[in-house]
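Comments concern the structure below.
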Amino acid sequence: MNKLFSHAILSLFLCGDIMTGRGIDQILPHTAPPQLFEPSVRDARRYVELAERQNGPIPRPVDFSYVWGDALEEFRRRRPAVKIINLETSITDGGEHWPGKAVHYRMHPGNIPLLNAAGIDICVLANNHVLDWGYTGFAETLETLHRSGLRTAGAGRNRAEAEHPAVVETAGQGRILVFSFGARSSGIPEEWAAAADRSGVNLLPEFSATVADRIGAQVRELKQPGDIVVASIHWGGNWGYEIPARHRQFAHLLIDRSGIDLVHGHSSHHVKGIEVYRGKLILYGCGDLVTDYEGIGAYEAFRGDLGLMYFVKVERDTGRLAGLKMTPMQMRRFRLSRASPEDADWLLQTLNREGERFGTRFNLSEDGSLELRMEESHANR
């Protein structure tokens, strides 16, 4: 064991989808053209109307901190060293919508301070919306993010760039490396895969030992003592608690053979089960955090309006999980608010039910967060 890093802890924030386009874009200081190409909605402002019909008026324009709401106080209280999000939005006011896709998200580049307002460090981009507005919109997305000081992973101007991790050197807590991957099962078109001479996303060809070994070679080339390595994966459908066996097997392979310390899964619009495998955290589906789905009537039983802020502590010398607390949140009037005690309990019961197969259990803490029972969860692995 490297004594320099013994017992040192890295703290980080993770969440699922952050969708700042469409309706949310329309309440911000700058707005992209509202035209949509969806089967039933042709104007992004319609999503604002639906949310207002559900929960009351939304001020316009709002400032860049508005959408984060109570999440900002949680960031100040928890003080994670690194904040990682799945940014499921193209950032452009131009481009051409991708033909054949039912939904296209974009946020005006002038609204990029929205991400800066929350102090986001890394945006993972290997998802099914980053190229919604074509290669021109994608180029503007990358340029806007990088110009704002945000690091990206999972998409780039070629395959090498898409495969390269985002790297953050923290103040006194070492480095974190984030590799980002997308799977076809999440709705990513095959033609979005980055190539040697084509921009695009880091698309997984399959969930196999061969792919895990290839990722392991990339990790070993870059990982240094004390580094924590995250595999952020956009996989699976939007609804349903089932975790495919191939997802679980691949997550285990990443830990066993690839040198991954934490698996950050997303794509589901609701929270899914959590596993601790060989002391390493696997989040199979983090659920949505910021969306404009308020007022849309469908799948209410999954409570897509509720989300979690995941605050994770990891041992730097081993990569093992040292603690997990999650703050229950609700999206209301396009603003994050602390969930009610009743809704927090619903999330708690859901996590405990879905965690039974993994041996993970959670408590409601005095501060209102949901906390992993560490000893019990580690005892099962």
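When the Cα positions of Phe207, His270, Ala301 are compared along the charge dipole of the stretch 9-379, Phe207 comes out farthest toward the positive end, with charges on each C-beta of Lys, Arg, Asp and Glu. Remark: the stretch 248-263, residue by residue, has Karplus-estimated 3J(HN,Hα) of 5, 4, 5, 4, 5, 4, 4, 6, 6, 10, 10, x, 7, 9, 8, 9 Hz, where x stands for each Gly or Pro and the curve is 6.51 cos²θ - 1.76 cosθ + 1.60 at θ = phi - 60°.
If only the Cβ of Lys and Arg carry +1 and only the Cβ of Asp and Glu carry -1, the dipole of the chain around its Cα centre is close to 680 debye.
Karplus-derived 3J(HN,Hα) values for the stretch 123-138, using 6.51 cos²θ - 1.76 cosθ + 1.60 with θ = phi - 60°, are 10, 7, 10, 7, 9, 8, 10, 5, 10, 4, 10, x, 6, 5, x, 5 Hz; glycine and proline are entered as x.
Expressed in Å, the radius of gyration and Dmax of the Cα atoms of the chain are 19.4, 60. Only beta bridges with both residues in the chain are counted; by DSSP, about 55 percent of them are antiparallel. Ranked by the mean number of other Cβ atoms within 10 Å of their residues, highest first, the peptides 103-109, 212-218, 68-74, 264-270 come out as 264-270, 103-109, 68-74, 212-218.
Here, P(r) means the percent of Cα pairs in each 5 Å bin from 0 to the largest distance; for the stretch 56-126 it is 3, 12, 19, 23, 17, 14, 7, 3, 1.
Within the stretch 2-101, the ratio Rg/Rh, alpha carbon atoms throughout and Rh by Kirkwood, equals 1.11. Under 5 Å between amide hydrogens, built in the peptide plane, is the criterion, and for Ser232 it picks out Phe179, Ser180, Phe181, His264 among residues at least 5 positions away or on other chains.
Here the sum of -39500 (n - 2.57) over DSSP H runs of 4 or more residues, divided by the residues of the chain, equals -7000 deg cm²/dmol at 222 nm, to the nearest 500. Other residues whose C-beta falls under 11 angstrom from the C-beta of Ser186 contribute a net charge of -1, scoring Lys and Arg +1 and Asp and Glu -1. Taking only pairs that are 8 or more places apart or on different chains, how many Lys pairs in the stretch 9-379 have Cα atoms under 25 angstrom apart? Here the count comes out as 13.
Neighbouring Cβ atoms within 10 Å as the yardstick, rank Ile84, Ile243, Ile9, Ile91 fewest first. Walk me through the numbers before you get to the answer.
Working: Ile84 27, Ile243 22, Ile9 15, Ile91 30.
The fewest-first ordering by Cβ neighbours comes to Ile9, Ile243, Ile84, Ile91.
Across the stretch 316-324, rounded Karplus estimates of 3J(HN,Hα) from the backbone phi angles (6.51 cos²θ - 1.76 cosθ + 1.60, θ = phi - 60°) give 6, 7, 10, x, 6, 5, 10, x, 9 Hz, Gly and Pro being marked x.
Compute the Cα gyration tensor for the stretch 220-262, then decide on rounded, prolate or oblate, letting a ≥ b ≥ c be the square roots of its eigenvalues: rounded whenever a/c is under 1.5, prolate when a/b is larger than b/c in the other cases, and oblate in all that remain.
Since a/c reaches 1.5 and a/b is larger than b/c, the shape of the stretch 220-262 is classed as prolate.
A short reminder: the numbers here are calculations on the coordinates, not readings from a lab. In this text, all values refer to a predicted model and were calculated from it rather than measured experimentally. A quick note on method: Cβ atoms are made from the backbone with ideal geometry, for glycine too, and the neighbour counts reach across all protein chains shown.
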